[in-house]
Structures are given as structure tokens and as C-alpha cells.
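Data first, discussion second: the structure below is written as C-alpha cells.
The values are calculated or read from the model by the stated rules, or taken from the named source; none is laboratory data. What you are looking at is a predicted structure, and each value in this text was computed from that prediction instead of being measured. Virtual Cβ from ideal backbone geometry, glycine too; neighbours counted across all protein chains shown. What goes into the accessible areas is simple: the full protein's heavy atoms, side chains included, and nothing from ligands, DNA or RNA. Shrake-Rupley method; radii C 1.70, N 1.55, O 1.52, S 1.80 Å.
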Amino acid sequence: MSMIQIILVSLFIYLGSIGSIVGNTIGWYTLGRPLVASFIVGLIMNDVQTALMVGIPLQIMYMGNVTPGGAVAWDLSYATYIGTAGALVFGKGLGVTEVIGLSVVFAGIGGLVGQLVWNISYAANLPLNRFAQKYANEGRTDKMYIPNVVLGQLIGFACRFIPAVIVLTSMTAASGQADFATLIPSWLTTLLGTFGGMMASLGMGIILSFLLKKQYHFVIFLAGFILVTYFNLTTMAVAIVGIITAVLYYTAVSRKESV
């Protein structure tokens, strides 16, 4: 990774956090989502296709991640940006499942780092309450933006941007020593491939558990699977077939009810 790429990815790690300057809706709930994060990393590192291939499993993995009461058990922003960047940096020469396995490994590292810096930022923000209380007691409401906006954002930026730069720079330096694909033993490559394939299968299972509610839904799913697998149709073509089938079914039912 170049220094510009490292700075851009680190900047989005900050923007995708809770309470960043762009707000929770644009930040944590948009830029911090794994699929969006992987797409952004892909744009920055000029490999959107591979980035999205690892972003989809990461999105499914962290689909159930919640922050009750502001408690962050696993930092999505750090995990997904670091995970995708790590997969793109170290995944050259590896297969798709191996790259997905790498992304999960680096996402774990990023999530742990993010959890640590999140707790540090919480502690660093505590003294700001004294400044806010002082301005409130003095009735100087025009100064309340200093602890809430200026100092708070500076602490959040420092706690997320600086560690991200360090992690990404270390990854880049390590990748420059040799080709990662030639360094790892064959058993580890097999393990990463198996793990990555399991994560993709697990993600598909989670999605199907939300979508398939009735027995005939399984028939529709199997029909689409057969069209893609055995007839080599693209997902867009299958979607068009599904729309045509739905329109014909709706028309037939409507005519039957009108008679």
C-alpha cells in the first residue's frame, strides 16, 4: 500500500466509527458497514472485485453485531477496513477462499485493535465532562462546542486514525519482505481455503434462514440454483426470469379471482 492509500483507509476507519464528524447514520451505519467498507477499500486499492468478494462474507459474519448502550464488543469499522486491506495486500497469488480466510484473520486483528482504541477514547473523553460542566455552570452555552465538537472529534480522530496508520504501515512493510503466498506452508493455505469456504457457506445459510419461510420458497431457491449452476445463467438473467414468472403468476391469480 502507498502512503496515500494508508491515509485514505485510516481516514475512513475514523469516519466509519460511532460519533465521527459525519454522524452515526452516515458513519457507523453506512461507512462502517462491511460491504460499504470493502467497496471503499477496493476503490482506494484499485481492486473492487476482490474487495467485494471478501466484503460479502464479512458483512454476513457481522450482520448480528449490535452496540447495546454504546458498548462495542467488536469494532466493525476497524475489523472490516483492516480485514479487506489485509486480504488485498497479502492475498496476491491465492485463491478466492484463501483470500476470504485471510480477510477473516485480519478482521479479527482489526477488531481487537479497534476495541482497544475504543476503550482508550472513552477514557480520554471523560475529562471533557469537566469542561462542559464548567461552561454550563457559567452559562456560557456558546462555548459548549469546544468539548463536544472540537476536543471530542480530535480525540476520536487521534485514537482511530493514528493506530490504523501504524497497523496498515506494518502490514505493508511485512508484505514487502516477500510474496506471502510463497511464505506460508501448504497446510496453512489449505486451512485458510477451508475456513474461507466455510464462512461463505455459513453466510449463505444465514441469509436463507431469513428468506426461506415457507416450503415453496425452497422450490424457488432450488430453481434459481439450477438455472445458475447447470444452465450457466447470470444472476441478472435469473432475476429477470423471476420477475416474469411473478408477473404471470399475479396475472393468473387476478383473473381467477375476478371470474
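In the range 2-52, what percent of the accessible surface is made up of carbon and sulfur (1.4 Å probe, ligands and nucleic acids excluded)?
Values: 1650 of 2310 Å².
Solvent-exposed carbon and sulfur of the range 2-52 make up 71 percent of the total.
Go through the range 84-159 and name the trypsin sites (Lys or Arg not before Pro) that are in a DSSP coil and have 14 or fewer other Cβ atoms within 10 Å of their Cβ.
Working: sites: K92, R130, K134, R140, K143; in loops: K92, R140.
Answer by residue number: K92, R140.
Share of the range 103-157's accessible area from carbon and sulfur, percent, 1.4 Å?
Values: 2160 of 3320 Å².
Of all accessible area on the range 103-157, carbon and sulfur atoms account for 65 percent.
Going 7 Å from the Cα of Y145 in the Cα-to-Cβ direction, what parts of the range 121-136 have a backbone nitrogen less than 17 Å from that spot?
Of the residues in the range 121-136, 132, 135-136 have backbone N under 17 Å from the label point off Y145.
If each residue of separation counts as 0.36 nm, what is the full-extension length gain between I120 and Q133 once their alpha-carbon separation is subtracted?
Contour length minus the Cα-Cα distance gives 2.5 nm.
Find out how many positive minus negative residues lie around S10, taking Lys and Arg as positive, Asp and Glu as negative, among other residues whose Cβ is under 14 Å from that of S10.
Net of charged neighbours comes to 0.
Quote to one decimal, in nm, the extra length available between E257 and L233 on full extension: 0.36 nm per residue of separation minus the C-alpha distance between them.
Separation in residues times 0.36 nm, less the Cα-Cα distance, equals 5.2 nm.
Label points 7 Å out from Cα along the Cβ direction at I244 and N46: separation in nm?
Those two pseudo-labels are separated by 4.1 nm.
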